[in-house]
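As structure tokens, the structure follows; a few thoughts come after it.
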Amino acid sequence: MPFPKLRIGRNDPCPCGSGLKYKKCCLGKPPDQIVDVRELYFQRYRIRLKKPEEIEGIRTAGRLAIETLDRVEALIRPGLATEEIDRFVAELTASHGGVCAPLNYEGFPKSVCVSINEVICHGIPSSRRLQEGDIVNVDVTPILNGFYADASKTFFVGQPGPQATTIVRVARRCLSLGVQQVRPGATTGDIGWAIQSYAEQQGCSVVRDFVGHGVGLDFHEPPQIPHYGRKGQGLTLVAGMVFTIEPMINLGTYELKVLDDGWTAVTMDGSLSAQFEQTVLVTPSGYEILTPFD
Ligand code: MF3
Ligand code: CO
Ligand code: CO
């Protein structure tokens with residue numbers, strides 16, 4: 001019996017983490033039928049629910065991710081080459097005893113993804129220089145003591161035009177609306193629905209071909225977190241899950257193509273695309289952002 005001493009109300013969330021009410025779940029079940037959610041989620045979905053010491057490790061990696069993004073933001077200006085961002089991130093991460101997960105990940109050649117304007121994600125740092133009016137997403141994933149945290153932000157280079165202002169505002173709000181859905185008992189579809197309905201109401205579109213993902217003990221773990229969907233559909237969230245929400249929002253079509261380098265994903269119509277990403281923990285009462293910004 002995992003929780004004999006607690007006094008739990010019949011209508012309280014079941015302490016097994018199922019997200020159901022106690023009376024609809026473990027109340028009155030013989031001990032051998034009480035659901036071990038950790039076991040269930042691993043057997044069924046290969047999802048590893050995180051233990052407190054693992055969460056602390058991811059939180060520490062998350063602080064480094066955010067410090068990195070803050071310090072990159074201070075460097076952003078017209079004329080900066082994207083490979084200078086790469087070198088800065090690689091050196092800062094190493095100076096904290098960390099490793100950049102992107103480097104050599106499935107052949108990715110650099111330490112960070114830098115995606116300008118119509119580039120949706122996975123931009124490869126190069127000698128290309130930022131220009132006045134660009135928008136640029138910087139996506140960092142430090143590994144610290146074996147724990148991964150994944151976060152990204154889109155920055156303005158100089159003064160943004162109206163389209164840049166719109167797409168960045170909508171993408172930022174999409175992330176926030178998605179995160180606000182997170183609690184035990186909610187579903188991945190609730191997250192996608194919140195993001196998609198706001199984005200489309202603002203006249204923007206949601207990229208389908210890339211999704212959020214479990215993270216923490218590895219770079220990409222189950223489950224997948226689509227940024228579109230229907231309320232109530234998909235996987236039920238339980239406490240201890242750690243995953244990213246990272247909506248990629250386009251001004252035009254959501255369709256994309258990948259360039260000949262095998263990585264750079266661009267909008268099919270050349271319209272602007274923006275993204276924000278955070279690593280989120282499902283807590284018994286809701287969520288905690290492990291890469292806190294804003
Ligand atoms: N950081 C990206 C994500 O949010 C993944 C980049 S994979 C890489 O999932 F190989 F391009 F680095
Ligand atoms: Co990610
Ligand atoms: Co990322």
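The values are calculated or read from the model by the stated rules, or taken from the named source; none is laboratory data. Because the structure is a prediction, the values reported are computed rather than measured. In this analysis, Cβ positions are derived from the backbone assuming ideal geometry, glycine residues included, and neighbour counts consider all displayed protein chains. Surface accessibility is based on the protein's heavy atoms, side chains included, excluding ligands, DNA and RNA. Shrake-Rupley method; radii C 1.70, N 1.55, O 1.52, S 1.80 Å.
Overview of results
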quantity: Residue order for 210, 156 - accessible surface, 1.4 angstrom probe, largest first; calculated: 156, 210
quantity: For segment 45-99 versus segment 199-258, the gap between their alpha-carbon centres in whole angstrom; calculated: 21 Å
quantity: Folded to 0 to 90 degrees: helix 162-179 orientation relative to the chain principal axis, Cα; calculated: 20 degrees
quantity: Principal-axis tilt of helix 52-75 within the chain, Cα atoms, nearest 10 degrees; calculated: 20 degrees
quantity: C-alpha long axis of helix 82-95 to longest principal axis of the chain, angle in °; calculated: 50 degrees
quantity: Average accessible surface area per residue within the chain, 1.4 Å rolling probe, Å²; calculated: 46 Å²
quantity: Cα-based equivalent ellipsoid, segment 60-109: semi-axes from gyration tensor eigenvalues, Å; calculated: 18, 16, 8
quantity: Exposure of residue 287 as accessible area (Å², to 10), given a probe of 1.4 Å and all protein chains; calculated: 90 Å²
quantity: Value in Å of the Kirkwood radius, where the chain supplies the Cα pairs that are averaged; calculated: 19.7 Å
quantity: Within segment 77-104, backbone nitrogen closer than 12 Å to the virtual label 7 Å beyond the Cα of residue 261 toward Cβ; calculated: 82-84, 86
quantity: Using a Förster distance of 41 Å, the FRET efficiency for residue 21-residue 253 (Cβ separation, nearest 0.05); calculated: 0.45
quantity: Among 74-86, 24-36, the order from most to least packed when residues are scored by Cβ within 10 Å on average; calculated: 74-86, 24-36
quantity: Candidate lysines for bridging to residue 23, where Cα separation is under 18 Å - those fewer than 8 sequence places away on the same chain excluded; calculated: 5
quantity: Percent accessible area from carbon and sulfur atoms, segment 143-294, protein chains only, probe 1.4 Å; calculated: 48 percent
quantity: The chain, relative contact order in percent, only Cα pairs under 8 angstrom and at least six apart counted; calculated: 20 percent
quantity: Mean shadow area of segment 16-107, taken as a quarter of the surface of its Cα convex hull (nm²); calculated: 9.8 nm²
quantity: Unsatisfied cross-links (Cα-Cα over 32 Å) in the set 51/257; 231/257; 24/51; 50/110; 24/231; 21/153; calculated: 51/257; 21/153
quantity: Two-site label geometry, residue 33 and residue 94: point separation in nm, points 7 Å out along Cα→Cβ; calculated: 5.9 nm
quantity: Cβ-Cβ FRET estimate between residue 132 and residue 169, R0 fixed at 25 Å, reported to 0.05; calculated: 0.80
quantity: Mean ellipticity per residue at 222 nm, deg cm²/dmol - from DSSP H runs of n ≥ 4 across the chain, formula -39500 (n - 2.57); calculated: -9000 deg cm²/dmol
quantity: Equivalent ellipsoid semi-axes, segment 33-75, via Cα gyration tensor eigenvalues times 5, rooted, Å; calculated: 35, 11, 6
